[in-house]
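The values are calculated or read from the model by the stated rules, or taken from the named source; none is laboratory data. Note that this is a predicted model, so its numbers are computed, not measured. Note that we place each Cβ from the backbone using ideal geometry, even for glycine, and neighbour counts take in every protein chain shown.
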């Protein structure tokens, strides 16, 4: 079965699960399965406009999914998908002066 690896940043929204085994299909269908179990995760993955957040990277077997077929990338037995939250913050030096 395919597995979604859940980093610590997202674990408060998944009952502290570190991974989730899902049915084979696509990356998109796996995310929908994740949202079915943990609805709050949707707001961390998608913006309020319904597009994927730029604050999360998706790696399938250590390869970014958008170098393949995006959400339509096959997600099969033995595959591992990790959701990587990006770091952001700080301030622009020009506006800080």
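Overview of results
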{"read-out": "Out of 78, 89, sole residue that is loosely packed, with under 13 Cβ neighbours inside 10 Å, on the phi > 0 side of the Ramachandran plot and at pLDDT 95 or above", "value": "78"}
{"read-out": "Extreme residue, surrounded by the most Cβ atoms within 10 Å (Cβ to Cβ), among residues of the range 50-75 that are in contact (Cβ under 8 Å) with a residue 40 or more places away in the chain and closer than 15 Å to residue 4 by Cα", "value": "75"}
{"read-out": "Any hit, the range 76-83, residues being in a strand (DSSP E or B) and farther than 16 Å from residue 7 by Cβ", "value": "no"}
{"read-out": "One residue from 47, 3, 14, 18 being surrounded by 11 or more Cβ atoms within 10 Å (Cβ to Cβ) and at pLDDT below 95", "value": "47"}
